[in-house]
Amino acid sequence: MKEISTAIEKAILSEKSLKIRELTNIYVFNVNKDANKKDIKDAVEKYFNVKVEDVNTIITRGKFRRAGKYIGKLPNFKKAYVKLKEGQRISVLEA
């Protein structure tokens, strides 16, 4: 991936991700499927002015949805679990 500006799509603010953030200082982001760990690390460090310790990624399969007799599938997406160094926080995402 060439541009780091398109690496991060949005932050995931679910109950599970907020609990992970409180316990382990790991933030969860929806990222572009083509982004690798280095791109994600560079984007988080650039946009939020923090130091990243580790990045783990996972591709999540889209769920099947049904409305009456019609069946559809949501698209697959990639999540990144970004661990910040000790004492670092992303103040924009704090509630």
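Just so you know, all these numbers are worked out from the coordinates, no wet-lab data involved. In this text the structure is predicted, and so the values were computed from the model without any measurement. Positions of Cβ are backbone-derived with ideal geometry, glycine not excepted, and every protein chain shown enters the neighbour counts.
Any idea which residue in region 37-95 is farthest from T6 (Cα to Cα), counting only those that are among the acidic types (D, E) and touching a helix residue (DSSP H, G or I) at 6+ places or on another chain (Cβ under 8 Å)? Can you show your working first?
Here is the first cut: in region 37-95, the residues among the acidic types (D, E) are 39, 42, 45, 53-54, 86, 94.
Those still in the list that are touching a helix residue (DSSP H, G or I) at 6+ places or on another chain (Cβ under 8 Å) too: 39, 42.
Numbers: D39: 9, D42: 11 Å.
Checking each candidate, the answer is D42.
Name every residue in region 70-80 that is more than 15 Å from the chain's Cα centre (by Cα), surrounded by 10 or more Cβ atoms within 10 Å (Cβ to Cβ) and in a strand (DSSP E or B), in order of residue number.
Looking only at region 70-80, we keep the residues that are more than 15 Å from the chain's Cα centre (by Cα), and these are 70-75.
Still in the list and also surrounded by 10 or more Cβ atoms within 10 Å (Cβ to Cβ): 72-74.
G72, K73 - these are the residues of region 70-80 that are more than 15 Å from the chain's Cα centre (by Cα), surrounded by 10 or more Cβ atoms within 10 Å (Cβ to Cβ) and in a strand (DSSP E or B).
Can you work out which of the residues in region 81-95 that are free of Cβ contacts under 8 Å to residues at least 60 places away in the same chain, surrounded by 10 or more Cβ atoms within 10 Å (Cβ to Cβ) and not basic (K, R) is farthest from I58 (Cα to Cα)?
L84
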